[in-house]
1. Only one residue in ILE222, ILE229 is touching a residue at least 12 places away in the same chain (Cβ under 8 Å), farther than 29 Å from PHE64 by Cα, in contact with a Ser or Thr (Cβ under 6 Å, 6 or more places away or on another chain) and of a type in the set (A, V, I, L, M, F, W, C). Which one?
2. Could you list, in sequence order, all residues of region 229-240 that are under 16 Å from the mean Cα position of the chain (by Cα) and farther than 24 Å from GLY142 by Cα?
3. Assuming CYS196 fulfils every condition listed in (1) buried (at least 16 other Cβ atoms within 10 Å of the Cβ); (2) more than 30 Å from GLN92 (Cα to Cα) apart from one, which condition is it?
4. Looking at SER42, SER55, which is the one that is buried (at least 20 other Cβ atoms within 10 Å of the Cβ) and modelled with pLDDT under 90?
5. Identify, by number, the condition in (1) in contact with a helix residue (DSSP H, G or I) (Cβ under 9 Å, 6 or more places away or on another chain); (2) in a helix (DSSP H, G or I) that HIS176 doesn't meet.
6. Pick out the one residue from GLY121, GLY199 that is assigned to a helix (DSSP H, G or I) and free of Cβ contacts under 8 Å to residues at least 40 places away in the same chain.
Amino acid sequence: MKILSNINTSQVFVHTNLLKTNQKYLIIISLILLSFFAWIVSYSQFYVSLPIFLSPQIIQSINFTWMWTVMMIAMMLPSIIPMVLLFTTISQSRTNYGFETISTTFFIFGYLGIWSSIGVGLAIINFFLFSIFTIWSTVITGLAFVVAGIYQLTRWKNLCLGHCRSPIHFFMHDWHDGIIGAVRMGSHHGLYCIGCCWGLMLVQISLGMMNPAYMGIIAVFIFIEKIFIVGEKFAKIIGVLFIVLGLIFLVL
């Protein structure tokens, strides 16, 4: 148990040998394609057509939530590929003990559902405070960088990042069978992912939520933190960089 809990995401592929090669590639390619199409939608700024009787503010809030969800699909799916592969492997291996295999889709739905709910909350905040954000944009951007940078250096960041980097530990201590169990595990992992990435997302929102360049940079940061061996050290380097950039914004 102790040995398994210390395995990080860069080593997960070694422990998914129970999956057939074609099934493993199907999962990887499917998630990458979903992410790719979400990037296209984000870049094209495709908004949902809504009834004209809705107020402009409500339409804006709904489209905000929609684009936020699309953005999460684009940015987050590549970084959870090891987690999804491991979930599928464990689910299938449990069939040897009489348990039914669980569709991986429900795990992903639970994960994205938590991120989408954050989008709803942000849409409400944006609805009431948009004018303030517009007037004080530079100050807010500077504060966002500083707050995010400080958080990158805290034990809470390390805890959440450790969860994302060591998925075996999570599944061995929090496995739940059935469809509801899969959604629950996906949601649970999503909460840790939010705890890991909210500072990075705060910076992105302050710079321009749907700006493709900023989305790409933050997505790369997230991927390196979660997947690469140097992820934990990289997170701290980004933290220091954010603090410096935030102070520059505040003094300009």
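1. Values: ILE222 fails: farther than 29 Å from PHE64 by Cα.
Only one candidate passes the filter, namely ILE229.
2. Applying the first criterion (under 16 Å from the mean Cα position of the chain (by Cα)) to region 229-240 yields 231, 235.
Matches in region 229-240: GLY231 only.
3. Tallying (1) buried (at least 16 other Cβ atoms within 10 Å of the Cβ); (2) more than 30 Å from GLN92 (Cα to Cα), CYS196 fails exactly one: (2).
4. Numbers: SER55 fails: buried (at least 20 other Cβ atoms within 10 Å of the Cβ).
Just one listed residue meets the conditions, SER42.
5. (2) is the only condition that HIS176 fails.
6. Unique residue meeting the criteria: GLY121.
The values are calculated or read from the model by the stated rules, or taken from the named source; none is laboratory data. No experiment lies behind these values; they were computed from the predicted model shown. FYI the Cβ positions are ideal-geometry reconstructions off the backbone, even for glycines, and counts take in every protein chain you see.
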